[in-house]
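The values are calculated or read from the model by the stated rules, or taken from the named source; none is laboratory data. What you see is a predicted model; the values in this text were computed from it and never measured. FYI the Cβ positions are ideal-geometry reconstructions off the backbone, even for glycines, and counts take in every protein chain you see. All accessible areas refer to the heavy atoms of the entire protein, side chains included, with ligands and DNA or RNA removed. Shrake-Rupley method; radii C 1.70, N 1.55, O 1.52, S 1.80 Å.
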Amino acid sequence: MKTEHARNAARSWLPALAIIVGYATFRAANSSIYLSRFAQSPESFIFMTEPAFNITSALATVICAAAVAALCAMGRLKEFSMPVVPAVAILFCGIGATALESTNPLSADIILAFSVVAFAVGSIMLKMAWIELFAHEAPRQAIIQIACAGIASAVLQYGLSILGAFWTVVLTIVLLATSSALLIAVRNGMKKEEARILGHWHLHGNNTPWKNAVGEISDALLALCVLEAVIGLINSFMLAASMTFAGAAGIPSAAMAIAAALFCFAALISRHLPAASAMFRVAFPIVAAMVVFVPFASEGYTRLFSTVLLVGYDFVALLLLYQVAYASHKFNVSSYALMALFTGCTKLCLLAALVIGGIFGGRESAAGSSTVSFLVLACAVIYILAIAAVLLSRDCRKRTALKEAAREDEPVSADAASNTDNKVNGVHGAAGHDSPAVAGEADDAAVEPQPDASFAPATNEEESLETTCRLLAEKHGLTGRETEILRYLAQGRTNTRIAEDLFISPSTVRGHIRHIYTKLDVHDRQELIDLFH
């Protein structure tokens, strides 16, 4: 019996560990591939040094994302159909072309174009394959896996950055091979155990699941698009205007490590991922104030500014990555298409910013007035940030209004209140709301039914309990979350069990229970249970 229990436990945590290790190695290898082209360049300002490489890479990524979206719309990309081995082979070809650039008889422009296209195509294919695995996991498991993989990839990337060029290439290839082997193994296991019927987008017909899925990621997507545009504008302008700062090549690795650590803290310790809109409103005045002083500040200040900007970017990127997986899981839509939307929109903003910043900086460089023109650019950047903050604030208010309307208009049964609360807030519920730390706990019941889930066969006793909960909630004005906890209390659940099921802290549970006691005019749990009998 113990042996069988140990086997079942191993089956549950081994795939999760494989996903963490595999995705961490992929992120580290992918970052190493891109940084290998300019890691030794002393004139790097944020993370880009070659305008041609930057523009070509963004353009290739946008085209690849558009192709994936088109294939998904036509129903050509089925579940688990993203090629893995060809994607790895494409990346290997790009690595080889870059490594042998000095001895290759072809021109540098041809090699650059080939390597950039290979990096963009191979990278996006593998990233989509990984996101699909997260979309098949329960939301709580997915967020823990992304958090752990983020911190592990930062450590691996730092290890790669301190090695010589030869060993960096060798270990990057090893990491890619390891990542692809784990990806294939886990995906084959999911193919045997799970099957989803995905809703495809159609030109004519009901596209409600797609609208809901896009709405789920909209605030983080907007925030990341704006950050991409800001980084592209500032970086390309300073390159074109020859405003360079030495010693900034290690900033991307440091920023990734800090962002991964913050994401781990939010997911595993505080158990509450902040909303992208709330985070952006906090970061907006900081970034806006710092960008104005860049031309006049010391080298240390520019490093600090670059780090702050990239930490915010990397954190929002991790948050959006999770939301893509969660929205695909929740609304049963293709993670490939959502990832194509995410990648295409962000890189399109980056591409436009690179071109505009390069043109603007190049003109002012010839006139010899780069500092004045940078201040003009700073005003444009602040304006973009301000517009995004307004849009995100409106979106936040709209979500809050929908939440309140749903609580007031719909029947206040425990399951309905739980579903309404989770669908409106998701994992990124606004600060101050009592939403679960991880989105979709109510949805987890659909994946892993619990004995008390609404999907279980209803008995007369359960129906009576639900009716009593609803009547008490309506009579005494309980909120949706209080009604949900009342249902758990009526079933005899402990505070710890309620906190675990709802993925909230025990202190939050105790606070809700105090409010329930006050509204129902009871003094202990026994008096509360007596109301149901």
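List of remarks:
- Using a Förster distance of 30 Å, the FRET efficiency for Phe92-Ile286 (Cβ separation, nearest 0.05): 0.15
- Protein heavy-atom surface of region 279-389, 1.4 angstrom probe: 74% of the accessible area is carbon and sulfur, with nucleic acids and ligands not counted.
- Computed over protein heavy atoms with a 1.4 Å probe, the accessible surface of region 288-344 works out to 26 Å² per residue.
- For peptides 170-179, 521-530, 136-145, 331-340, sequence by mean Cβ density within 10 Å, most packed first: 331-340, 136-145, 170-179, 521-530
- Taking all Cα pairs closer than 8 Å and separated by 6 or more residues, the relative contact order of region 48-143 comes to 39 percent.
- Leading residue at positive end of dipole, region 64-138 (Cβ point charges), from Gly96, Leu112, Val84: Val84
- Cross-link pairs Lys191/Lys211; Lys78/Lys347; Lys475/Lys519; Lys127/Lys192; Lys211/Lys330 - those with Cα-Cα distance over 19 Å: Lys191/Lys211; Lys78/Lys347; Lys127/Lys192
- Ala255 sits among other residues whose Cβ lies under 15 Å from its own Cβ, and their net charge, with Lys and Arg +1 and Asp and Glu -1, is 0.
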